[in-house]
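J.: Handing you this structure, nothing more for now.
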Amino acid sequence: MPQLLEAPSCLRVEHADSHCHHRFPGAMCTSRLFTLVLVVQPPRVLLGMKKRGFGAGLWNGFGGKVQPGESIEEAARRELLEESGLTVDTLQKMGQITFEFVGNSELMDVHIFRADNFHGEPTESDEMRPQWFQLDEVPFNHMWADDIYWFPLLLQKKLFRGYFKFQGQDTILEHTLKEVEEV
């Protein structure tokens with residue numbers, strides 16, 4: 001399993017990772033920080049249809065890359081506003097998942113947040129089209145394949161850490177996921 005490093009949020013984490021080193025001998029693997037925010041208002045959750053770029057055509061939460069000089073939470077708030085038009089007072093950090101994609105030496109270190117309250121109206125952006133879904137009608141068959149594993153933990157307000165290794169965007173080759181006391 002990749003090392004889950006706690007690093008200053010404004011820094012890009014670079015580390016030799018056993019999974020990565022195995023596939024790219026002699027290569028130093030990098031891990032890039034990303035955020036993901038799920039807006040939850042039982043009995044519904046707000047998802048966005050990704051309109052372009054990585055993951056286009058899939059429903060997802062709102063998020064993206066952490067920019068230099070901003071904290072992980074600042075990035076989460078910025079991406080939520082840019083992609084959905086919403087602001088939040090409180091973000092609950094729920095999980096951290098490292099993603100590996102076969103053929104790519106850069107790992108994705110995704111910090112996942114939950115927001116139970118928000119300000120504004122969900123608004124379509126260039127990148128995302130927001131839509132509310134009933135919790136029993138979440139479109140997992142049109143989402144990333146890993147979501148069905150950790151989404152229930154987030155909805156139950158359980159903290160988690162995980163690792164998913166993908167072949168392409170559809171096939172999970174291996175994964176680990178566990179509940180934790182803190183993230």
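Any read-out appearing in this document is the output of simple, stated calculations on the displayed coordinates, not a laboratory observation. Please read all numbers here as calculations on a predicted model, not as lab measurements. For neighbour counting, all protein chains shown are included, and Cβ atoms are generated from backbone atoms with ideal geometry for every residue, glycine included.
J.: Sort 166-175, 104-113, 120-129 for me by packing, meaning the mean count of neighbouring Cβ atoms within 10 Å per residue, highest on top.
T.: The most tightly packed comes first, giving 104-113, 120-129, 166-175.
J.: Amide H to amide H under 5 Å from L107: which residues, 5+ apart in sequence or cross-chain, H placed 1.01 Å off N in plane?
T.: T30, S31, R32
J.: Under a point spin-label approximation (7 Å from Cα along Cα-to-Cβ), what is the V180-T30 distance to one decimal in nm?
T.: Label at V180, label at T30, 2.3 nm between them.
J.: Now for a different question. Counting only residues 5 or more places away or on other chains, whose amide H sits under 5 Å from the amide H of F118 once H atoms are built in the peptide plane?
T.: none
J.: Something else: List the lysines whose alpha-carbon lies under 25 Å from that of K51, not counting same-chain residues fewer than 8 positions away?
T.: Partners within reach: K65, K165.
J.: In terms of Cα to Cα distance under 12 Å, which aspartates and glutamates are near enough to K158, apart from those fewer than 8 places away along the same chain?
T.: E179, E181, E182
J.: How much length is gained if the chain between K93 and L173 is pulled fully straight, taking 0.36 nm per residue apart and subtracting their Cα-Cα distance, in nm to one decimal?
T.: Between K93 and L173, full extension yields an extra 26.2 nm.
J.: Related question: Label-point separation (nm) for N117 and S71, each offset 7 Å from Cα along Cα-to-Cβ?
T.: According to this spin-label approximation, the distance is 1.9 nm.
J.: Counting only DSSP beta bridges with both residues in the stretch 51-183, what percent are antiparallel, rounded to the nearest 5?
T.: 65
J.: Please compute the modelled spin-label separation between E82 and N104, points set 7 Å along Cα→Cβ, answer in nm with one decimal.
T.: About 1.7 nm separates the two model spin labels.
J.: Cut-off under 20 Å on the C-alpha distance; same-chain residues fewer than 8 positions from K157 excluded. Which lysines are left, in chain and number order?
T.: Filter leaves K93, K178.
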